[in-house]
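Okay, so here's the structure we're looking at.
The values are calculated or read from the model by the stated rules, or taken from the named source; none is laboratory data. Values in this document were obtained by computation on a predicted structure and should not be read as measured data. Backbone-built Cβ (ideal geometry, glycine too); neighbour counts: all protein chains shown.
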Amino acid sequence: MLLRNYKYRIYPTGKQKIRLEKQFEVCKNLHNDLLEISKETYRCSGKSITSRKDLYQLTNILKESYRGHSQVIQNVADKLNKSYKAFYQRIKEKQKGKVGYPRFRKRINSITYPQNNGCFKFKNQRRLHITQIGSVPIELHRIPKGNPKTLTVKKTLSNKWFISFSCEIENKPVKHKYPENKVGIDLGLENFATLSDGTVIENQRFLKGSERKLKREHRKLSKKKKGSNNKNKQRVKLARDYETLTNQRLDFLHKLSYHLTQQYDFIAIENLGVSNMVKNHYLAKSISDTSWSVFTGMLTYKASSAGGELVEIDRFYSSSQICSDCGNKQDMPLSKRIYKCEKCGAKIPRDKNSAINILREGINTAGRVGIHACGDLTSTDQSASRVVEAGTIFDDSQ
Ligand SMILES: [Zn+2]
């Protein structure tokens with residue numbers, strides 16, 4: 001069984017919005033109370049209330065004072081349990097600087113119904129009935145496949161409403177269209193990605209413009225008076241701009257991952273690892289960081305539904321330092337854009353060299369024998385590189 005997520009925009013009426021927001025409020029208060037009690041108990045007795053069972057018990061005791069849907073309320077305990085687990089995990093891994101303890105919440109903007117035992121139901125293609133909320137108008141732009149399991153209702157910072165639910169669908173084995181096609185992908189900052197055949201996938205140009213615009217709007221926000229109506233308006237405007245940028249980005253990633261998984265049966269990519277992603281305030285960098293992990297996620301599920309295979313190789317594998325031609329290893333500072341091998345004299349663009357190494361390592365990792373790659377693995381011909389503009393690569397997609 002596979003889980004697939006679907007997301008739809010909904011248009012709750014005024015009354016429904018009030019009901020939903022009340023549920024958000026209930027969840028927020030419950031979350032904060034559970035956290036408070038759990039913290040206090042630990043402080044006084046050294047006993048921790050962090051396990052799912054303990055949190056459920058506590059919720060049951062508190063439940064009388066919260067008027068909300070029982071499943072939604074239980075899900076608050078589930079989520080807190082998850083953040084405790086993540087917290088302990090971080091301590092275990094001794095991650096520096098981000099061992100954040102679960103936090104009190106100023107607001108909660110979503111609720112989750114963890115099981116579908118009649119608490120939500122499609123009345124028709126235009127309306128979804130949700131218990132205690134009512135029959136909510138929905139834009140069902142595509143029909144979900146499979147059996148809906150969980151439902152989440154969410155309000156974005158730009159005041160739009162969405163629902164998402166996960167469906168269980170059967171995992172049917174599929175044969176890939178091109179079983180011989182293999183590719184290695186090197187993700188980068190200068191270009192979004194470079195493939196092992198030398199194809200360069202550029203970052204989109206609109207990103208730069210959007211970045212400048214966001215900075216401007218951020219500045220405007222900081223100049224507005226605290227708590228004022230204008231500040232609030234500006235906050236919504238900024239949230240909307242972020243949303244646009246995110247949507248453009250996601251669209252690009254969806255199309256690219258679709259194209260690659262349709263074209264290649266075997267894809268090798270670096271495992272970037274979350275802790276590898278340095279937190280920083282450069283927008284471009286942080287966007288590529290999240291883009292990369294989202295992109296890898298998309299590749300994973302799209303590859304499996306196309307009948308292909310995705311292999312993530314160890315992120316400590318030094319793909320940029322090894323000569324893809326002779327295996328020699330040498331220092332490669334970031335400023336060097338061409339790999340000039342000191343041993344065999346090969347000359348090859350840096351990112352292409354990495355991508356070929358990633359593919360080779362991916363094939364090794366997958367325990368496959370025989371290399372029959374999409375690009376010629378032995379070629380060091382620079383002219384083989386071609387630059388593809390984002391947009392032109394998608395001709396045959398979707
Ligand atoms: Zn060499």
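Of all residues in segment 141-169, those being assigned to a strand (DSSP E or B), modelled with pLDDT under 85 and surrounded by 15 or more Cβ atoms within 10 Å (Cβ to Cβ) number 2.
Please work out which residue is nearest to residue 193 (Cα to Cα), limiting yourself to segment 340-355 and to residues that are within 13 Å of the ligand (Cβ to nearest atom) and out of contact with any Asp or Glu (no Cβ under 8 Å at 6 or more places or on another chain). Within segment 340-355, the match that is nearest to residue 193 (Cα to Cα) is 353.
When segment 85-139 is filtered for residues that are assigned to a strand (DSSP E or B), among the small types (Gly, Ala, Ser) and without any contact (Cβ under 8 Å) to a residue 60 or more places away in the chain, only 135 remains. Considering only residues that are within 16 Å of residue 352 (Cβ to Cβ), touching a Pro at 6+ places or on another chain (Cβ under 8 Å) and either acidic (Asp, Glu) or more than 14 Å from the ligand (Cβ to nearest atom) (or both), which ones fall in segment 287-339? 337 - this is the single residue of segment 287-339 that is within 16 Å of residue 352 (Cβ to Cβ), touching a Pro at 6+ places or on another chain (Cβ under 8 Å) and either acidic (Asp, Glu) or more than 14 Å from the ligand (Cβ to nearest atom) (or both).
Looking across segment 297-330, the residues that are in contact with an Asp or Glu (Cβ under 9 Å, 6 or more places away or on another chain) and of a type in the set (S, T, N, Q) come down to 300, 319, 320, 321, 328, 330. Residue check: residue 133 meets all listed conditions (1) under 22 Å from residue 159 (Cα atoms); (2) modelled with pLDDT under 90; (3) among the aliphatic types (A, V, I, L, M) but one, namely (2).
Scanning segment 86-109 for residues that are modelled with pLDDT of 80 or more and farther than 30 Å from residue 155 by Cβ yields 88, 91, 92. Take residue 219 and tell me if it is part of a helix (DSSP H, G or I), modelled with pLDDT of 90 or more and charged (D, E, K, R). So residue 219 fits the description; yes.
Every test in (1) touching a residue at least 60 places away in the same chain (Cβ under 8 Å); (2) loosely packed, with under 15 Cβ neighbours inside 10 Å; (3) more than 30 Å from residue 362 (Cα to Cα); (4) not assigned by TED's automatic domain parsing to the domain that holds residue 25 is passed by residue 225 save one, and that test is (1).
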